[in-house]
Amino acid sequence: MLIKEEEKSKKIPQFTKFTMSTQRLRDEDYRDYSSTDASPEESPSEGLNNFSSSGSYMRFGESNSTTWFQTLIHLLKSNIGTGLLGLPLAVKNAGILMGPLSLLVIGLVAVHCMRILVKCAHHFCYRLNKPFVDYGDTVMYSLEASPISWLRNHAHWGRRMVDFFLIVTQLGFCCIYFVFLADNFKQVIEMANGTTNNCHNNETVILTPTMDSRLYMLTFLPFMVLLVFIRNLRALSIFSLLANITMAVSLVMIYQFTVQNIPDPSHLPLVASWKTYPLFFGTAIFAFEGIGMVLPLENKMKDPKKFSLILYVGMAIVTALYVSLGILGYLHFGANIQGSITLNLPNCWLYQSVKLLYSVGIFFTYALQFYVPAEIIIPFFVARGPEHCELVIDLSVRTVLVCLTCILAILIPRLDLVISLVGSVSSSALALIIPPLLEITTYYSEGMSPITIVKDALISILGFVGFVVGTCLTLYELIQPSSAPIFINSTSAFV
């Protein structure tokens, strides 16, 4: 019987194998690993021989469903990451008044787009008699429902487009982690000789010269490669929990420091130059890019009817954290704020340990963020190679992908610009551009009010303008930087 099944699987066309393999995230229970709490149970290549049929979806209310509180915690963790640490610099790029107001507006629009995605998914679940559809399937079905024949004939590209932007986003996260780790470890090591137990007195610190930050990235590279070689990420579940704890403790310490001794803010501009505003947009939309977790979280709830309330409450908390840290960080450090607020913390052991704690969390989160692009890309190559070389191909592709993220980080070693670029390119598409167009293509043939169409068009245009302008300005800043990076923190003048 087993031999017959193997012979049957060999008759499946290669493209079909690839398509079925890349849909395991959706066809089994659509785990989304864009948050730091994810713990995948098997590797992509293992799934080649263990995928379920395309009609297998997780039902609401199963024994492993989540409570409303667990869903709220997952929603918070999926939206709070490295993007939060870059928001003080984002507020600087927009102005002390314009920045928080813009963050609030982007937060409201992002939540509205999340709600649109949920509504459209429900529409196709009811229409197609399916218990669950994911982001990519929702886009594909909406194109199939479009009155335009060309869109109907190319509906499958909708799912591929979502997968593409998801890959770009997740690999972008991995690039950001390389830069974050290099910057923080470099600063801790260079200031080690001058680190004290006094976190309040201003002292002059003479840096101990060390290697370039790019060399730090290369130093981390072999450890990252070994980390992603753990194909069954269940083994990393304890490290995922450790990452969450260390990040939470670090954030508490950062807030505790920024609320103290805030200087006079009268010298800070209310509205910054329009030339830097696109950089703000890229960082802000990067921080709010948690839309990929919305449908999986709702699907796994015991009572999905409560999800809308949880979505609004959770995103209200996230927005409050973003706005508060953005304001406090910029007020405290002023023009000296860096790409990550951790780089501005005082030169004492307490806050140096905060940098190391957060860096440990980021290191282990790399493997979790890496899982999604690996899930989509690796089966494509494994299915085209000889069966006895499956493991070699799997590990080789993983090594190439990690090296690719390291090379991209080396080419763009500025943390603020990497965050802005990833946000402008992929996050704006997933969070702002696609959902409003999704609503139009889904409901247009059934009748939509002109006001709704105009509203959706304006949101998509906003996202597209941010995508184009933010990407162009970030690339221009990389080619011709307007100013040198800042290396001054609140308690030290580096000589």
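The values are calculated or read from the model by the stated rules, or taken from the named source; none is laboratory data. In this text the structure is predicted, and so the values were computed from the model without any measurement. All Cβ positions, even for glycine, are placed from backbone atoms using ideal geometry, and neighbour counts span all protein chains on display. These area figures cover heavy atoms from the full protein model, side chains too; ligands, DNA and RNA do not enter into them. Shrake-Rupley method; radii C 1.70, N 1.55, O 1.52, S 1.80 Å.
How many residues are among the aliphatic types (A, V, I, L, M) and part of a helix (DSSP H, G or I) when one looks only at region 252-285?
The number of residues fulfilling the criteria is 6.
Go through Cys403, Cys389 for me and flag whichever is open to solvent by 10 Å² or more (accessible area, probe 1.4 Å), closer than 21 Å to Gln170 by Cβ and either at pLDDT below 90 or in a helix (DSSP H, G or I) (or both).
On inspection, the qualifying residue turns out to be Cys403.
Residues in region 286-294: is at least one open to solvent by 50 Å² or more (accessible area, probe 1.4 Å), at negative phi, in a loop (DSSP other than H, G, I, E, B) and touching a Ser or Thr at 6+ places or on another chain (Cβ under 8 Å)?
no
Is region 275-298 home to any residue that is of a type in the set (A, V, I, L, M) and over 20 Å from the mean Cα position of the chain (by Cα)?
For region 275-298, residues of a type in the set (A, V, I, L, M) and over 20 Å from the mean Cα position of the chain (by Cα): absent.
Keeping to region 82-111, report how many residues are assigned to a loop (DSSP other than H, G, I, E, B) and open to solvent by 20 Å² or more (accessible area, probe 1.4 Å).
Residues meeting the conditions: 2.
Can you say whether Gln369 is in a helix (DSSP H, G or I), more than 23 Å from Leu417 (Cβ to Cβ) and polar (S, T, N, Q), as far as the supplied structure shows?
Answer is no for this residue.
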